[in-house]
Each structure stands twice: as structure tokens, then as C-alpha cells.
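Everything below concerns the one structure shown next.
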Amino acid sequence: MSKKLLISDLIDEAKCYEQLRELKWGNRIECKECGSYEVRKNGHDQGIKHRQRYVCKNCNKSFTDITDTVFASNHVPIQKWVVCWLLKDNMSNKEMAKALDLPPKIVSDMRSELGNGVIKSNFIDNWDW
């Protein structure tokens, strides 16, 4: 018997993080703590090879690609968030929960958070996938 293929298996994690970085920062990464653009890469999050870590050279604050985004609030992989975003107007919570292999309550919470914007305090309605 073959493994069940989920929609989220078809989304590339690297591309999701690349798009998020573009959406969040454009060409310049900014420290949310002090506003400095003097930021350096600081490895990757353990277990998530495409999620970049950063450290501010000015205030020494450490942060990641998902800091100050709706993705930071739980442990749902970014690919599942992207699928939820793309299909939010075309599937019920129950259908999406089944496709993403998540509990319906989690999907409902995700849809609610996405409705408020991807980047906290900066409402983004258009993702360029």
C-alpha cells in the first residue's frame, strides 16, 4: 500500500521561506527590536533547514524568518500554512483539515490568523506564489 500523498507534500519548503523573506523584508533585513539594517545571518533553525536565523549587529537581538509573523505562533510547517492561504476560499475547514492532515480546530485558527494578515501589524493580502 502506498503512502497517502497530501497537498502539503507538493509545496517546496525552500520556496516558501524565500517568498516569506521577500514579503517581509524585500532587499533589506531589519531588526524589529532596534530598526537597524546591520544584520547578519546566524545559521538555520534546528530541524528546519530553510528557516534562516539572524542576529542584529547593533543590539545583538536574535530572530528568524518567522519572527513577528502568524507562523511563529505554533508548530505547523510553513508549507501547510501556504496551502491553507491558497485554498482558504475554496475549501471548508473539514476538507482542508483532511488535506493537510491537521485537526479542524487548528485549521480554523490558521484561517482566522491569516485573515488578520501574514506579518503582524502589517496586513498583507497578496502573496506572489
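The table below gives the values:
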item: Selection count where residues are hydrophobic (A, V, I, L, M, F, W, C) and either free of Cβ contacts under 8 Å to residues at least 12 places away in the same chain or crowded, with 19+ Cβ neighbours inside 10 Å (or both), scope region 76-101; result: 9
item: Region 79-96: number of residues that are more than 24 Å from Gly47 (Cβ to Cβ) and either out of contact with any Leu (no Cβ under 9 Å at 6 or more places or on another chain) or not in a loop (DSSP other than H, G, I, E, B) (or both); result: 10
item: All positions within region 68-110 that are modelled with pLDDT under 90 and of a type in the set (Ser, Thr, Tyr); result: Thr69, Ser73
item: Region 22-34 residues that are free of Cβ contacts under 8 Å to residues at least 24 places away in the same chain, paired with ones that are surrounded by 12 or more Cβ atoms within 10 Å (Cβ to Cβ) and of a type outside the set (A, V, I, L, M) (beta carbon under 7 Å, 6 or more apart); result: Arg28/Tyr37; Glu30/Tyr37
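The values are calculated or read from the model by the stated rules, or taken from the named source; none is laboratory data. These figures come from a predicted structure and were not determined experimentally. Cβ atoms come from the backbone with ideal geometry, glycine included; neighbour counts cover every protein chain shown.
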